[in-house]
Amino acid sequence: MHFDVIIAGCGPTGAMLAAELRLHDVRVLVLEKETEPASFVRIVGLHIRSLELMAMRGLLERILERGRRRPAGAYFAAIDKPAPKGLDSAHAYLLGIPQPVIVHLLEEHAMELGAQVRHGCAVVGFAQDDDGVTVELDDGERLRSRYLVGCDGGRSTVRKLLGVAFPGEPSRNETLMGEMEVGAPQEEIAARVTELRETDRRFSLTPAGVGVYRVVVPTPGVSDRGAPPTLEDFQRQLRAVAGTDFGVHSPRWLSRFGDATRLAERYRVGRVLLAGDAAHVHPPIGGQGLNLGVQDAVNLGWKLAAQVRGWAPETLLDTYHAERHPVAEDVLDNTRAQMELLSTEPGARAVRRLLTELMDFEEVNRHLAEKITAIGIRYDFGDGPDLLGRRLPDLDLKQGRLYGLLHGGRGLLLDRTERLTVGGWSDRVDHFADPTAALDAPCVLLRPDGHVAWVGDDQRDLDDHLARWFGEPIGRSQV
């Protein structure tokens, strides 16, 4: 085998997955068909759960240096409500960051860990057998790996070649987005935007520098997605929506996006897997897309590494689909709902007013905020305490913070009893005893993605769960 894992696509999902695999010494090659970063500089938002994952891997500080913190809130359908009080996270804010920057930082991180990245290389074919996958590149080169992961976007070549169905709804409407200079006075722009957003929350002109605005304007119907928008497209649609084009000129970048909503039926077929936009696409309302992909990568990374390293329990890799497919289903549903709430039709506006009132109830606001930020996710690990299957916040411990113990991507036993042990799993799971930990449980076993795999204080029960998630102990494993 040339490699253990080949990843098609070096966006945020592919780069994060490569880094997660390298934490376990998996030989990784990432293939990116583009030779240069995207010409447009779209600002994306990292939500609470993604920020927590960055903290778990020691990446948060370098990312914070390149982003801009914003207060949490107004997540759901852009309804202007503050975040609920006391969100259970040490990172309860939104981080705005240019997409090329976050891609560069994650790719840099993966390469620092030893991943190989090739730009200007596209996957055009592959064939899998019992031992691995033969991957064909656009220049005719053939490479051999044990697994292939498609992280190559909504129009994924890997997904299409794999023959996985991608059911859902096609785009019905598009939105133009870009940065450009304006000729109208700032006061005139502010007044007109305020007036328009009373009825159409999809429309915005936001200052992005001296004399420069970020323009977002909805457009009915669907154009030829292969053709980038022009300045004339923006001028025409601004006049149709606002009655003026605000004198826009000298664009820095122009782009468009649709509202297609689709979900792959399967995330795994044999030795080929899908993650990120290759597995799911949806409108960008709520800013969940990049976050969903990065969270896919962290869920998949340690499981695929365990499979490569030979200690994965038989069904571990299948839990990737079992856990992440329902999460994507929920994201698709909440973006469908948000898009309906952005409609200018009288019925939708009435529902929006009603939901705005309901969000004054703390429980409603909290439920929606936890849904958008992904901190409310609970994987189904079977019967047990409510904590089971949930992520654990970044607790203060006697020696620093909890997430500082997860930088290596290993499991962790957080032990308040000081009498348990990870025994023969010490090559995969760390043990940290702290009787003072602010934890409403005697002990918890954390997976490398920070989700609680076990709660209790009985060593025999712990050993059963260590075997469930981390395979046979040293001496009986195949490593």
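Looking for whichever is in a helix (DSSP H, G or I) and surrounded by fewer than 16 Cβ atoms within 10 Å (Cβ to Cβ) here; the options are A348, A328. Which one fits?
A348
Of all residues being open to solvent by less than 60 Å² (accessible area, probe 1.4 Å) and in a helix (DSSP H, G or I) in segment 351-366, which is nearest to E169 (Cα to Cα)? Just the residue, please.
Going through the qualifying residues, I end up with R352.
So which helices (runs of 4 or more DSSP H) are wholly in segment 44-122 and hold at least 1 residues that are surrounded by 15 or more Cβ atoms within 10 Å (Cβ to Cβ) and polar (S, T, N, Q)?
Correct list: 48-56, 99-112.
Give the residues of segment 367-389 that are open to solvent by less than 50 Å² (accessible area, probe 1.4 Å), within 13 Å of L292 (Cα to Cα) and not β-branched (V, I, T), sorted by residue number.
Residue satisfying the conditions is A374 alone.
Going residue by residue through segment 452-459, is there one that turns out to be open to solvent by less than 20 Å² (accessible area, probe 1.4 Å), polar (S, T, N, Q) and either at pLDDT 95 or above or under 30 Å from Q338 (Cα atoms) (or both)?
No; the residues of segment 452-459 include none that is open to solvent by less than 20 Å² (accessible area, probe 1.4 Å), polar (S, T, N, Q) and either at pLDDT 95 or above or under 30 Å from Q338 (Cα atoms) (or both).
Looking at segment 251-272 only, could you name the residues that are in a loop (DSSP other than H, G, I, E, B), surrounded by 17 or more Cβ atoms within 10 Å (Cβ to Cβ) and of a type outside the set (A, V, I, L, M)?
Scanning segment 251-272 gives D259, Y267, R271.
Taking segment 391-433 only, how many residues are assigned to a strand (DSSP E or B), closer than 18 Å to G456 by Cα and without any contact (Cβ under 8 Å) to a residue 40 or more places away in the chain?
The number of residues fulfilling the criteria is 7.
Which members of segment 201-250 meet the condition of being within 28 Å of the chain's Cα centre (by Cα), open to solvent by 40 Å² or more (accessible area, probe 1.4 Å) and among the polar types (S, T, N, Q)?
T206, S223
Could you go through segment 434-451 and let me know if any residue there is free of Cβ contacts under 8 Å to residues at least 12 places away in the same chain and either in a helix (DSSP H, G or I) or of a type in the set (G, A, S) (or both).
Looking through segment 434-451, none of the residues is free of Cβ contacts under 8 Å to residues at least 12 places away in the same chain and either in a helix (DSSP H, G or I) or of a type in the set (G, A, S) (or both).
Please determine, by comparing only the residues of segment 273-319 that are part of a helix (DSSP H, G or I) and among the small types (G, A, S), which one is surrounded by the most Cβ atoms within 10 Å (Cβ to Cβ).
A278
The values are calculated or read from the model by the stated rules, or taken from the named source; none is laboratory data. Everything numeric here is computed off the predicted structure, so don't read it as measured data. Backbone-built Cβ (ideal geometry, glycine too); neighbour counts: all protein chains shown. The area values use the complete protein model at the heavy-atom level, side chains included, leaving out ligands, DNA and RNA. Shrake-Rupley method; radii C 1.70, N 1.55, O 1.52, S 1.80 Å.
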